[in-house]
Amino acid sequence: MNDGLISSRYATALMNFAIKNGEEKKVYSEMAILYQIFKMVKNLQQSITSAVVPKLRKKEILVTAVGGKTSNSLDKFFDLIIDNKRESKLQSIAYRYTEIYRSQNNIHLG
């Protein structure tokens, strides 16, 4: 399965879950921040994909990256990503989520 398809499926699932919980706008903000942090902090990807970093620490790193407090939807999503060993896809999932949100809400950049 290609990375784009994986990212799209996870981002779509997160969007549906966030909508169900009424948190899609909050999750959008969190995912936009997370994507920017991935771009700025080059070793973030390495930290969350490392086999020697425990699951709980990976989640702490991700929560800290988005500001220290996450929505319920994103909190559960981080658990899912870590449990399914999809941490390496998280940057592209964050990007894809923001694209989906913008498309659904007719937000055009630039």
*Links that overshoot a 23 Å alpha carbon limit, given the list Lys59/Lys85; Lys26/Lys69; Lys26/Lys58; Lys20/Lys58; Lys20/Lys55*: Lys20/Lys58; Lys20/Lys55
*In nm, to one decimal, how far is the modelled label at Asn106 from the one at Lys39, with both set 7 Å along Cα→Cβ?*
2.6 nm
*Using per-residue counts of other Cβ atoms within 10 Å, averaged over each peptide, order 44-54, 90-100, 14-24 from highest down.*
90-100, 14-24, 44-54
_Dipole magnitude of the chain, debye to nearest 20 (Cβ charges: Lys/Arg +1, Asp/Glu -1, about Cα centre)_ = 120 debye
*Among Tyr101, Leu14, Thr49, flag the residue with its Cα farthest along the positive direction of the charge dipole of the chain, charges on Cβ as +1 for Lys/Arg and -1 for Asp/Glu.*
Thr49
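At a 10 angstrom cut-off on C-beta neighbours, averaged per residue, how do the peptides 102-109, 72-79 rank from highest to lowest?
Those peptides, ordered most packed to least, come out 72-79, 102-109.
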*Using only Cα atoms, tell me the angle between helix 72-83 and the longest principal axis of the chain; keep it within 0 to 90° and round to the nearest 10.*
50 degrees
*Between Asp79 and Arg57, what length comes free when the chain is fully extended (0.36 nm per residue of separation minus the Cα-Cα distance, one decimal in nm)?*
6.8 nm
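Since every read-out is calculated from the coordinates, none of them should be taken as a lab result. On a predicted model such as this, the values are computed, not experimentally measured, just so you know. Positions of Cβ are generated from backbone atoms using ideal geometry, with glycine treated the same way; all protein chains shown enter the neighbour counts.
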